[in-house]
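In what follows, a structure is listed as structure tokens, so that the remarks can point back to it.
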Amino acid sequence: MAGVLEKTLVRARRLRDLLTFLVAWFFLSDAIATVSDTAILFAKTSLGMAPASLAIINIVVMLSGVAGTLFRNRVSQFSNLRPSQTVVVAWIFISELIPLYALLGYIPAVKRLGFIGLQQPWEKYPLGFVYGTLIAGISSHCVWRTSASWV
């Protein structure tokens, strides 16, 4: 198995675009997995959400994902960004701003408010909607772009 991986890496070094794509995809998929896995653990442990509530959030993410897939091109056109730029902006939003929003709850002045910064379980629903919309838009663009380049 190591021989196959080694051969693949040697070939990938000669194909700069492929190597760039693979490195970028690694960081993108890792950011997505980290946010989603951490969100589930946080909701369960810190917010004390029941399994039924987590299931509802999962449904919200999936349904908003449909919207993100359907409207990704319109958002790119409206914001006057190329689709690849839209992916980068959405990736930054997911991997940076969502965790930063959660960290707001640790600032003493915000903590005294009792909401904002994922202090209340209801905050997971709109955040799940945003996450689902962005993640599906990214995925659909990357899959469409990759498959279109093979045609």
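The values are calculated or read from the model by the stated rules, or taken from the named source; none is laboratory data. Computed from a predicted structure; not experimentally measured. Please note: Cβ atoms are built from the backbone with ideal geometry, for glycine as well, and neighbour counts cover all protein chains shown.
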Give just the number: which of (1) in contact with a Lys or Arg (Cβ under 8 Å, 6 or more places away or on another chain); (2) closer than 20 Å to SER29 by Cβ; (3) modelled with pLDDT of 90 or more does SER64 not satisfy?
(1)
How many residues does the stretch 61-84 contain that are farther than 17 Å from SER139 by Cβ and among the β-branched types (Val, Ile, Thr)?
0
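Determine which member of the set VAL61, VAL10 is more than 21 Å from ILE135 (Cβ to Cβ) and assigned to a helix (DSSP H, G or I). Spell out how you get there, then give the answer.
Working: VAL61 fails: more than 21 Å from ILE135 (Cβ to Cβ).
Result of the check over VAL61, VAL10: VAL10.
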Any hit, the stretch 16-26, residues being surrounded by 14 or more Cβ atoms within 10 Å (Cβ to Cβ) and in contact with a Gly (Cβ under 6 Å, 6 or more places away or on another chain)
no
Criterion (assigned to a helix (DSSP H, G or I), more than 24 Å from SER140 (Cα to Cα) and not hydroxyl-bearing (Ser, Thr, Tyr)) met by exactly one of PHE42, PHE21
PHE42
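If you take just the helices (runs of 4 or more DSSP H) that sit entirely in the stretch 77-141, which of them hold at least 2 residues that are over 23 Å from LEU47 (Cα atoms), in contact with a Lys or Arg (Cβ under 8 Å, 6 or more places away or on another chain) and not aliphatic (A, V, I, L, M)? First the steps, then the outcome.
Working: elements: 83-92, 98-103, 108-113.
Here the list reads 83-92.
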Any idea which of ILE107, ILE56 is touching a residue at least 40 places away in the same chain (Cβ under 8 Å), surrounded by 12 or more Cβ atoms within 10 Å (Cβ to Cβ) and either over 17 Å from VAL130 (Cβ atoms) or in contact with a helix residue (DSSP H, G or I) (Cβ under 8 Å, 6 or more places away or on another chain) (or both)?
ILE56
Out of all the residues in the stretch 76-104, which are farther than 23 Å from ALA24 by Cα and surrounded by 15 or more Cβ atoms within 10 Å (Cβ to Cβ)?
TYR101, ALA102, LEU104
Looking at ALA33, ALA67, ALA50, which is the one that is surrounded by 14 or more Cβ atoms within 10 Å (Cβ to Cβ), within 26 Å of ILE116 (Cα to Cα) and not acidic (Asp, Glu)?
ALA67
